[in-house]
Every structure is written in C-alpha cells, then in structure tokens.
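Here's the structure we're looking at; comments come further down.
The values are calculated or read from the model by the stated rules, or taken from the named source; none is laboratory data. It should be emphasised that the depicted structure is a prediction, and the values quoted were computed from it without experimental measurement. Counting neighbours? That spans all protein chains shown, and the Cβs are built from the backbone with ideal geometry, glycine included.
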Amino acid sequence: MPASAPAPSFDDTVHAVADVDGWMTPAQARLLWDTAQEVAPGGRIVEIGSFRGRSTIVLGRAVGPRVELVAIDPHAGNDRGPQEIAGFEDEAADDHEVFNANLERAGVQARVRHVRAFSHLAHPEVEGDVDLLYIDGAHRYGPALADIRQWGDRVAPGGTMLIHDSFSSVGVTLAIARALFLGGRYRYLGRTGSMTRYRREPLGLRERLTNAGRQLVELPWFVRNLVMKGLIVIGARGLTRRLGHDPDMWPH
C-alpha cells in the first residue's frame, strides 16, 4: 500500500474481508482492530492461525508499517476449522495460495511476514517480546495449551493476548482453565463472542481468585455452545433455531 494512501477504515476493512473464509464475526474483528491499534510504532503483533487471511487482513489494515506483523500458520491441511482437524492435506496448497492472494488483494501482503510452520516450531523466527498475541491455531487441548503458555510467556508486561474460540471449543476452554483461571500473570478483561481478551500483569492471590471467578461465570455460555454444536451435528436444525441460535452458524 503506498505511503501516501489514506489509512484504511474499519468499515472498509469489514467489507474487504466479507468474502474471505473464516469464523471471525464483525464484532470480533472490531476488537482485533481496536487492540491492534493500541500497539505503538516499533511494536510487534504475532498471530497464530491465519487460515485464509481473514484476521490477518484486519490486523494488517489496522496498523502502520512500523508495527511488525507476524502470521504463523503451517498451511498443512490440519486444524483448518470446525470438524476439520486432520486429513485435509490436499487442501493445504490451496489454502496457502488463497491466503497470499487475499492478502495481496487487501493491500497488506507487504506488511505481513508469514512464517509457514507449526506454532511450537516458530519461536526462532520471532525475536523479542510480543505486544499483541492473537491465538486462533489448533483447537485441541495440547496445542492450545502450548500456545497459551509458550507464546504467552513472550508477551511483554502490559501486552495483550486475544484467544479465539474461548468458551466454545472444548480443547481451547480446557487449556484456558488450566493455564489462566488461577494463573498469576494474565488479567481477564472479558470477551466478544468467543474472543477473549487478557492483559499481562502480575496478580496477587485475591486478584487471582477474582480473576478465576470472572472466567468461571462464562461456563454456562460454554455449555450452551456445546449443546448448539451437538444439535447442528445431529441435524436438529429446527430445535437449534427455536433455542435462539442460527443453525447455519457454527458457534464462535
């Protein structure tokens, strides 16, 4: 994007990603946009899990060229989305090509450094602290826990960690419960849909208990999401609709 070009607006960005495959809602895009704009020049954003670039484009259009943006995704045909954990190797090359084409069309390809690797192997590719960490990678418990712990260790004090599919995916939710419910390093700031926001700061015992309580109250919403998913899987679309959920939308 030329240096003299006007800065993209959020509304234009939502339009730009409307046809990009992904599971991020407009409200979640707003949270991602606003949080990215808090990163000062010279800062660093790391995204884990880019798929075809929906969130990457939002980040790339939200920040200026002096903010480093690293997108980590192996494009290996696994963990592509709901019920697409493995066995999609034939789609991997297509995902990679579409990802790059989407970034180029949105005018952000030059701003994004793509690391095509699994997140646990990508640490040597990123030097220094991270100011904003966005986790939307593998949703299984083990990889999700590793991302939260290992990449979470790299967030600078006062920095932000956003996690998608919180209190929606079983694996992600269990990883959050293990690493963050009673943890002393991250304050829970709330959620937009399934996108949770945490700020890295030290917490005392009383603050940790309060922090755990604020996350525990999200569990009924988590249970509801599991019920909706189950109904969608078994084809009970009418019941899903009567319970107030659009059966064409996977809970996220």
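Of note:
- Output for segment 234-252, where each listed residue is closer than 20 Å to residue 173 by Cα and without any contact (Cβ under 8 Å) to a residue 12 or more places away in the chain: 249
- Some residue of segment 121-139 being crowded, with 22+ Cβ neighbours inside 10 Å, charged (D, E, K, R) and either assigned to a strand (DSSP E or B) or assigned by TED's automatic domain parsing to the domain that holds residue 229 (or both): yes
- Members of segment 216-232 that are within 24 Å of residue 21 (Cα to Cα) and either touching a residue at least 60 places away in the same chain (Cβ under 8 Å) or among the charged types (D, E, K, R) (or both): 229
- In segment 151-167, residue nearest to residue 72 (Cα to Cα) [restricted to those that are touching a strand residue (DSSP E or B) at 6+ places or on another chain (Cβ under 9 Å) and part of a helix (DSSP H, G or I)]: 151
- Of all residues in segment 183-194, those being touching an Asp or Glu at 6+ places or on another chain (Cβ under 8 Å) and either part of a strand (DSSP E or B) or free of Cβ contacts under 8 Å to residues at least 24 places away in the same chain (or both) number 3.
- Helices (runs of 4 or more DSSP H) contained in segment 197-252 and holding at least 2 residues at pLDDT 95 or above and over 25 Å from residue 31 (Cβ atoms): 205-216
- Looking at segment 1-71, the helices (runs of 4 or more DSSP H) lying wholly inside it that each contain 2 or more residues that are modelled with pLDDT under 90 sit at 10-16.
- Test result for residue 145, over 26 Å from residue 218 (Cα atoms) and either touching an Asp or Glu at 6+ places or on another chain (Cβ under 7 Å) or surrounded by fewer than 21 Cβ atoms within 10 Å (Cβ to Cβ) (or both): no
- One residue from 75, 123 being at pLDDT 90 or above and of a type outside the set (Ser, Thr, Tyr): 123
- None of 239, 189, 180, 174 is more than 18 Å from the chain's Cα centre (by Cα) and on the phi < 0 side of the Ramachandran plot except 239.
- In segment 198-235, the residue that is surrounded by the fewest Cβ atoms within 10 Å (Cβ to Cβ) out of those that are charged (D, E, K, R) and touching a Gly at 6+ places or on another chain (Cβ under 6 Å) is 208.
- If you go through segment 130-170 and keep only what is of a type in the set (Gly, Ala, Ser) and more than 23 Å from residue 29 (Cβ to Cβ), you end up with 142, 146, 156, 158.
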